[in-house]
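Presented below is the structure to which this report refers.
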């Protein structure tokens, strides 16, 4: 027992007496309860600081020795019989010492000292807190279950805790400490053992506000101090009970422990407040100091604020014992031991593991007959890993930590595998059931079809005979078809030849069309060339020149009018241009074009360049006449192409 945290002083003895004095008056009425209270407080102050089972067992032996030495009931003798009503006594083994006053009942402590519980848990949420003895069992578990349910209703993030016996003992220890003024806790244990959950529940039971720090990527000393200001204000400025939770995961820098050491020791952190913040605190706390009857000076009010912080703020530190860092921190910052009550979170015992496993397995979709066996299997796996880890440390000098968090992960993995297997089995069952139903349905349909087949058997035989007759007829028809196929092949060769010739005609017609298109474009432009001024110019002649009259005769012939000057003038009325534009060009055939073509189109004088030398207006009419004939040639060629293409399509359709 030479560890640094096992160094005790008068402060620890004072803590024991303080714990006894915080009990309710009912604890002092019966000697047995008082002795249990004294044993309980001794365990909390001294035993909880010990680091291994060897030291704890030794402490329990010493405590039981004290019980046997001072609190046993002595044999009655004449001296005691003369006392009268005092039939019991507490005596000291040294006969030279003065006898203690006799007790009213025999002292017989059946529980182990470590299992004695004194706590101020309310019987129901909202009832009074009385520090009294509690018994482990279903009644206490049910009472704490109601408190846990009340916590979940009051907080958005609920907790699903299994309050087994060890968890209840730790909860009672934490709640006992934070109910005392200047009560601070140092919880030592590996992460994942339920430390934070129990701290939150204990804070809820004690009516304390829960505060912690939030570590960010750029977290440093300044940010840590800013986070500490909030619980300091709650405890000192608002005079509220507050629990400050700090774990070793929050300690980014070792300098954080210097602030925590000062906070635990004197209730203040040097240089944490700016001057304006101190002024605000003084103004805010001055009414509280006045109410407490304290001086109202600046330093006095500040000292009262520090006193309120020490009384109302309960620092709960959670640290891991692995490695040398824990021992170094305890040596460097003694307030972590001197100003804190320690609570060691060890591995969950077997019954706790079994309780947690049973709590989980009853929610799984399995037959309730197997849940206990499954829970025992999970406990066995976890304990076997712990044993293997101990052997690994003994042989290889290396640690493999198995924490309650790994046990919960085991349960989650087991549940996940179980769900996967259930889904796989359900899928296979569904597949086999569907297959079986399909087979049953198929058998039923086959039997039905067999009955139908027997019923239609005579018709099938008759159909077979008819089929044979049809086959003979088809054989005869096939011979006829083969003969016709020979004829068709001969016709196909002939038609193929015709198709090739038609293809050549199409190509030739397309070439002719390509050559005629320029003429067609000129004809379209010429159709729009005569205008009103050209007509007026021609009509202005008293006796038109020969070439002008020659052009007018061609125009009159196309309109089927007499070829005279008087008739030409009548023709060139206000509607003449419209008649030129609307002339039915598509109606010109070879018969209608024969006479104009012979008399005018083929005449070398009937050219726009020649006529232009006499009259530009007559030139436009000459262009119109020639364009009309050019358009007719293009149009006739187009009609011929359409006819050839239609014949070619008919040939292709025939082959297809």
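The values are calculated or read from the model by the stated rules, or taken from the named source; none is laboratory data. Everything quoted here is computed from the prediction, not taken from an experiment. Positions of Cβ are backbone-derived with ideal geometry, glycine not excepted, and every protein chain shown enters the neighbour counts.
Overview of values
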{"read-out": "Filter pass, residue 436 being surrounded by 11 or more Cβ atoms within 10 Å (Cβ to Cβ) and within 60 Å of the chain's Cα centre (by Cα)", "value": "no"}
{"read-out": "In the range 301-332, residue surrounded by the most Cβ atoms within 10 Å (Cβ to Cβ) [restricted to those that are closer than 14 Å to residue 268 by Cβ and in contact with a strand residue (DSSP E or B) (Cβ under 7 Å, 6 or more places away or on another chain)]", "value": "313"}
{"read-out": "Residue match in the range 544-558 (condition: within 13 Å of residue 624 (Cα to Cα), in the same structural domain as residue 635 (by TED's automatic domain parsing), without any contact (Cβ under 8 Å) to a residue 40 or more places away in the chain and surrounded by 14 or more Cβ atoms within 10 Å (Cβ to Cβ))", "value": "yes"}
{"read-out": "Subset of the range 206-226 (residues that are more than 28 Å from the chain's Cα centre (by Cα) and either modelled with pLDDT of 90 or more or closer than 22 Å to residue 256 by Cβ (or both))", "value": "208, 209, 210, 211, 220, 221, 222, 223, 224, 225, 226"}
{"read-out": "Residue satisfying condition, being within 30 Å of residue 252 (Cβ to Cβ) and at pLDDT 85 or above, within set 413, 389", "value": "389"}
{"read-out": "Entirely in the range 185-275, the helices (runs of 4 or more DSSP H) that have 3 or more residues that are closer than 28 Å to residue 122 by Cβ", "value": "195-205, 221-236"}
{"read-out": "Any hit, the range 205-212, residues being surrounded by 13 or more Cβ atoms within 10 Å (Cβ to Cβ), over 27 Å from residue 252 (Cβ atoms) and either in contact with a helix residue (DSSP H, G or I) (Cβ under 8 Å, 6 or more places away or on another chain) or free of Cβ contacts under 8 Å to residues at least 60 places away in the same chain (or both)", "value": "yes"}
{"read-out": "Test set (1) touching a residue at least 12 places away in the same chain (Cβ under 8 Å); (2) surrounded by fewer than 15 Cβ atoms within 10 Å (Cβ to Cβ); (3) within 47 Å of the chain's Cα centre (by Cα) - residue 280 fails condition number", "value": "(1)"}
{"read-out": "Given (1) surrounded by 19 or more Cβ atoms within 10 Å (Cβ to Cβ); (2) over 20 Å from residue 354 (Cβ atoms); (3) in contact (Cβ under 8 Å) with a residue 60 or more places away in the chain, index of the condition residue 130 fails", "value": "(1)"}
{"read-out": "Residue 468, sole failed condition from (1) at pLDDT 85 or above; (2) in contact with a helix residue (DSSP H, G or I) (Cβ under 8 Å, 6 or more places away or on another chain)", "value": "(2)"}
{"read-out": "Selection count where residues are assigned to a helix (DSSP H, G or I) and touching a residue at least 60 places away in the same chain (Cβ under 8 Å), scope the range 344-359", "value": "5"}
